[in-house]
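*Asks:* Following this message is one structure expressed as structure tokens.
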Amino acid sequence: MHPTSKIIALKAQRQLQIFNLELKSKLKSHVMNEDVTFWKWINEKTIGLVTETSVYHWSIDSDASAPQKMFERHTSLQGAQIISYKVNSEDKWMTLVGISQQNGRVVGNMQLYSKDRSVSQPIEGHAAAFAELQLEGAPSKTKLFTFAVRNATGAKVCLTFNYC
């Protein structure tokens with residue numbers, strides 16, 4: 001279900017559809033080439049779709065009916081259960097989070113992707129978020145990327161300021 005409007009997205013095997021419930025009309029439809037393992041609304045206009053190999057964005061505003069491929073999944077997420085996908089407010093940075101079982105414990109792996117540079121960085125972690133903070137006296141907002149990791153030796157939270 002859309003976060004604020006009466007719009008619903010449905011998936012039946014590889015068939016994707018978006019409907020406007022108020023207007024009782026189909027907005028979009030597409031058949032994917034591979035199964036979608038995770039999906040979520042990433043903003044008011046776009047659904048993030050994750051397959052075993054790639055991440056796509058599907059805009060309800062775009063004239064194109066097919067989702068746009070954003071990046072390929074990193075090998076560190078191969079076989080992982082995807083639990084989260086986040087995009088920063090400028091749609092320039094994305095992070096995909098997955099978990100898997102290794103040596104009797106749950107291991108978290110993330111992929112941080114820069115759209116401008118078309119490059120990914122694998123990071124050990126279980127949760128991530130993007131944020132913006134207006135500091136007193138600063139001319140513009142400070143961009144934040146934060147993530148949490150819990151490994152065999154302990155847990156930590158990491159913050160990165162002005163990552164762009």
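The values are calculated or read from the model by the stated rules, or taken from the named source; none is laboratory data. Nothing here was measured: the structure is a model prediction, and the numbers come from that model. Methodologically, a virtual Cβ is constructed for each residue, glycine included, from the backbone with ideal geometry; neighbour enumeration extends over all protein chains shown.
*Asks:* Return the residue satisfying two criteria in turn: it lies in region 128-147 and is assigned to a strand (DSSP E or B) and more than 30 Å from Gly104 (Cα to Cα), and of such residues it is nearest to the chain's Cα centre (by Cα). Let's see the steps before the verdict.
*Replies:* Let us first name the residues in region 128-147 that are assigned to a strand (DSSP E or B), namely 128-133, 142-147.
Next, from what is left, pick out any that are more than 30 Å from Gly104 (Cα to Cα): 130-133, 142-144.
Numbers: Phe130: 11, Ala131: 14, Glu132: 17, Leu133: 21, Thr142: 21, Lys143: 18, Leu144: 16 Å.
Going through the qualifying residues, I end up with Phe130.
*Asks:* Among the residues that make up region 148-164, is at least one of them touching a residue at least 24 places away in the same chain (Cβ under 8 Å), over 26 Å from Glu72 (Cα atoms) and outside any loop (DSSP other than H, G, I, E, B)?
*Replies:* No - not one qualifying residue is present in region 148-164.
*Asks:* Go through Leu112, Leu96 for me and flag whichever is modelled with pLDDT of 95 or more, buried (at least 20 other Cβ atoms within 10 Å of the Cβ) and out of contact with any helix residue (DSSP H, G or I) (no Cβ under 7 Å at 6 or more places or on another chain). Walk me through it before giving the result.
*Replies:* Working: Leu96 fails: out of contact with any helix residue (DSSP H, G or I) (no Cβ under 7 Å at 6 or more places or on another chain).
Sole residue among the options that is modelled with pLDDT of 95 or more, buried (at least 20 other Cβ atoms within 10 Å of the Cβ) and out of contact with any helix residue (DSSP H, G or I) (no Cβ under 7 Å at 6 or more places or on another chain): Leu112.
*Asks:* Give the residues of region 135-159 that are surrounded by 10 or more Cβ atoms within 10 Å (Cβ to Cβ) and over 19 Å from Ser84 (Cα atoms), sorted by residue number. Don't jump to the end; show me each part of the working.
*Replies:* Here is the first cut: in region 135-159, the residues surrounded by 10 or more Cβ atoms within 10 Å (Cβ to Cβ) are 135, 141-151, 156-159.
Across region 135-159, the qualifying residues are Leu135, Lys141, Thr142, Lys143.
*Asks:* Among the residues of region 64-71, is any within 19 Å of Asn43 (Cβ to Cβ) and either in contact with a helix residue (DSSP H, G or I) (Cβ under 8 Å, 6 or more places away or on another chain) or of a type in the set (D, E, K, R) (or both)?
*Replies:* Yes - at least one qualifying residue is present in region 64-71.
*Asks:* If I filter region 56-72 down to residues being surrounded by 13 or more Cβ atoms within 10 Å (Cβ to Cβ), hydroxyl-bearing (Ser, Thr, Tyr) and over 12 Å from the mean Cα position of the chain (by Cα), which single residue comes out as modelled with the highest pLDDT?
*Replies:* So, considering only residues that are surrounded by 13 or more Cβ atoms within 10 Å (Cβ to Cβ), hydroxyl-bearing (Ser, Thr, Tyr) and over 12 Å from the mean Cα position of the chain (by Cα), the one modelled with the highest pLDDT is Ser59.
*Asks:* Okay, moving on. For region 56-83, give me each residue that is closer than 21 Å to Ser114 by Cβ and hydroxyl-bearing (Ser, Thr, Tyr).
*Replies:* Within region 56-83, Tyr56, Ser59, Thr75, Ser76 meet the criteria.
*Asks:* Can you confirm whether region 20-33 contains a residue that is surrounded by fewer than 19 Cβ atoms within 10 Å (Cβ to Cβ), modelled with pLDDT of 95 or more, hydrophobic (A, V, I, L, M, F, W, C) and in a strand (DSSP E or B)?
*Replies:* Scanning region 20-33 turns up at least one residue that is surrounded by fewer than 19 Cβ atoms within 10 Å (Cβ to Cβ), modelled with pLDDT of 95 or more, hydrophobic (A, V, I, L, M, F, W, C) and in a strand (DSSP E or B).
*Asks:* Take Thr53 and decide whether it is under 20 Å from Arg117 (Cα atoms) and either surrounded by fewer than 20 Cβ atoms within 10 Å (Cβ to Cβ) or hydroxyl-bearing (Ser, Thr, Tyr) (or both). Reasoning before the result, please.
*Replies:* Values: under 20 Å from Arg117 (Cα atoms): yes; either surrounded by fewer than 20 Cβ atoms within 10 Å (Cβ to Cβ) or hydroxyl-bearing (Ser, Thr, Tyr) (or both): yes.
Yes: the conditions hold for Thr53.
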